[in-house]
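S.K.: Below is one structure. I have some questions about it.
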Amino acid sequence: MQINSENENSFELNTTEIDFETAIVDESDRTLVKRMLELLHDAKAEEIVFIDAHERSSLADYLLICQGRSQLHCRSIAQNVEYNLKQAGEISLGLEGEREGNWVLLDYGNIILHVFHPEIRRYYKLEELYSRRPEEVYAENSESAKYRN
């Protein structure tokens, strides 16, 4: 992750530049995402992806997805984010999967952080799910249900 020197609100994630001034409307959400990205970078999280999910999900407006190199690294990434945000007064609404470390989820209301082990990330393909239109996902699930007998 890098902060673009021309615009302090611009981050580069997987070579895709995101301008948080326009992508995230709410200032408190924008500040929280920016801080989370800094903490992910500090913890050496890999393959960080930001998804604007406000039109596709009733659970959260934004998703941050990243991965660690091992289960221990995934747990460490999540613990780093949770600890530092808690010190700043941001309390997680939920933490799931920390014990196993394959898929750790931190829920901050409008923002959900997913920290994956690479194999688990490839299996669930969460980014792909959010990149498709809802009717495509439904159609795919309907087709697979037909042929499961």
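The values are calculated or read from the model by the stated rules, or taken from the named source; none is laboratory data. This is a predicted model, so every value here is computed, not measured. Reconstructed Cβ throughout: ideal geometry from the backbone, glycine too, with neighbour counts over all protein chains shown.
S.K.: If you take the residues of the range 54-73 that are among the polar types (S, T, N, Q) and not in a strand (DSSP E or B), which of them is modelled with the lowest pLDDT?
M.R.: The selected residue is SER57.
S.K.: Based on what the data block shows, is GLU38 assigned to a helix (DSSP H, G or I), within 14 Å of the chain's Cα centre (by Cα), over 13 Å from TYR108 (Cβ atoms) and acidic (Asp, Glu)?
M.R.: yes
S.K.: Okay, next question. Among the residues of the range 90-97, are any among the aliphatic types (A, V, I, L, M) and touching a Leu at 6+ places or on another chain (Cβ under 7 Å)?
M.R.: yes
S.K.: Counting only residues that are under 17 Å from GLU119 (Cα atoms) and surrounded by 12 or more Cβ atoms within 10 Å (Cβ to Cβ), how many does the range 71-101 have?
M.R.: Result for the range 71-101: 9.
Residues are listed down the side, and each one gets a yes or a no for (1) farther than 23 Å from TYR130 by Cα; (2) over 10 Å from the mean Cα position of the chain (by Cα); (3) not aliphatic (A, V, I, L, M):
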{"position": "ALA45", "(1), (2), (3)": "no, yes, no"}
{"position": "ASP61", "(1), (2), (3)": "no, yes, yes"}
{"position": "CYS66", "(1), (2), (3)": "no, no, yes"}
{"position": "SER70", "(1), (2), (3)": "yes, yes, yes"}
{"position": "GLN79", "(1), (2), (3)": "yes, yes, yes"}
{"position": "LYS86", "(1), (2), (3)": "yes, yes, yes"}
{"position": "GLY89", "(1), (2), (3)": "yes, yes, yes"}
{"position": "LEU113", "(1), (2), (3)": "no, no, no"}
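S.K.: Please work out if ARG121 is under 16 Å from VAL49 (Cα atoms), in contact (Cβ under 8 Å) with a residue 24 or more places away in the chain and surrounded by 17 or more Cβ atoms within 10 Å (Cβ to Cβ).
M.R.: When the stated conditions are applied, ARG121 passes them.
S.K.: Of the residues that sit in the range 79-122 and are at pLDDT 95 or above and hydroxyl-bearing (Ser, Thr, Tyr), which one is farthest from ALA45 (Cα to Cα)?
M.R.: TYR108
The rows are residues; the columns are (1) in contact with a helix residue (DSSP H, G or I) (Cβ under 9 Å, 6 or more places away or on another chain); (2) assigned to a helix (DSSP H, G or I).
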{"position": "ARG75", "(1), (2)": "no, yes"}
{"position": "ASN80", "(1), (2)": "yes, yes"}
{"position": "LYS86", "(1), (2)": "no, yes"}
{"position": "LEU95", "(1), (2)": "yes, no"}
{"position": "LEU113", "(1), (2)": "yes, no"}
{"position": "ARG121", "(1), (2)": "yes, yes"}
{"position": "TYR130", "(1), (2)": "no, yes"}
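S.K.: Please give the number of the condition SER144 fails out of (1) among the polar types (S, T, N, Q); (2) surrounded by 12 or more Cβ atoms within 10 Å (Cβ to Cβ); (3) at pLDDT below 90.
M.R.: (2)
S.K.: I need a count of the residues in the range 46-89 that are among the hydroxyl-bearing types (Ser, Thr, Tyr), out of contact with any His (no Cβ under 8 Å at 6 or more places or on another chain) and in contact (Cβ under 8 Å) with a residue 40 or more places away in the chain.
M.R.: Qualifying residue count, the range 46-89: 1.
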